[in-house]
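This report concerns only the one structure given below.
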Amino acid sequence: MSKIALTPSATGTGVFTISSPATNTDRTLTLPDEAGTVLTSASSITQNAGPAFSAWQSTQQALSAYTQTKILFQTEEYDTNNNFDSSRFTPTVAGYYLMSGKIAPLSSYSAGITAIYKNSGAYKYGSYNNNSTGVAQPSMSCIVYCNGSTDYVELYAALTIAQDTAPEQVQTWFQGILVRAA
């Protein structure tokens with residue numbers, strides 16, 4: 001059987017009180033089998049301080065019909081760890097990243113596909129098929145593991161009609177954030 005030891009501070013003068021709530025239900029507090037500091041609601045912690053970025057297209061880009069094309073982004077909204085450059089996200093922290101992106105073509109009655117590319121190869125596809133009046137705006141999101149040194153991620157798109165993209169902050173964009181370190 002394990003023992004419980006309470007060790008008071010040699011220099012502190014305050015009183016440490018352990019109290020239970022008013023309850024009629026038995027409760028068990030199980031401590032992990034590791035050393036560390038217990039966090040409370042008053043603790044100062046940084047939640048997910050990993051890399052995050054958001055970029056958008058500020059210049060029209062011509063897309064050929066049925067051709068996967070790397071989407072170019074000229075404007076960064078934020079890049080918390082300077083990992084976004086030349087329309088490519090190369091995180092320096094190993095982990096799992098939520099990536100999302102959207103393109104907006106200028107023409108209507110088209111279908112399209114967006115894709116997250118990892119290390120120059122298609123990783124995940126998203127699609128949009130426009131069967132009514134309006135403009136297809138392909139978007140997608142996925143979680144991708146990056147090793148924190150050589151892996152990089154880019155946004156690609158293909159449309160059924162050759163056309164330009166709509167270069168606006170709310171129209172053609174690319175974002176990513178670390179959701180869990182490796």
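Observations
- Choice from ASN81, ASN24, ASN147 showing the highest fluctuation, given a GNM over the chain with Cα pairs closer than 10 Å: ASN24
- Local electrostatic count at GLU154 - Lys and Arg +1, Asp and Glu -1, tallied over other residues with Cβ under 9 Å: +3
- Charge tally in the Cβ shell below 15 Å around GLY121, where Lys, Arg are +1 and Asp, Glu are -1, GLY121 excluded: +2
- Annotation for region 1-99: chymotrypsin sites (Phe, Trp or Tyr not before Pro) lying in DSSP loop with at most 12 further Cβ atoms inside 10 Å of their Cβ are PHE16, TYR66.
- Region 58-182 - percent relative contact order, Cα under 8 Å, separation 6 or more: 41
- Taking trypsin sites (Lys or Arg not before Pro) as exposed when their DSSP state is a loop state and no more than 12 other Cβ atoms lie within 10 Å, the longest site-free interval of the chain runs over 28-182.
- Cα gyration tensor category, rounded, prolate or oblate, for region 52-181 with a/c compared to 1.5: prolate
- Using θ = phi - 60° in the Karplus curve 6.51 cos²θ - 1.76 cosθ + 1.60, the 3J(HN,Hα) couplings for region 139-145 round to 9, 6, 8, 6, 9, 10, 7 Hz; x is entered for Gly and Pro.
Each value in this text was obtained by applying a stated rule to the coordinates, not by laboratory testing. Computed from a prediction, not measured in an experiment: that's the story for all the values here. Don't worry about glycine lacking a Cβ; one is built from the backbone with ideal geometry, like all the others, and counts go over all protein chains shown.
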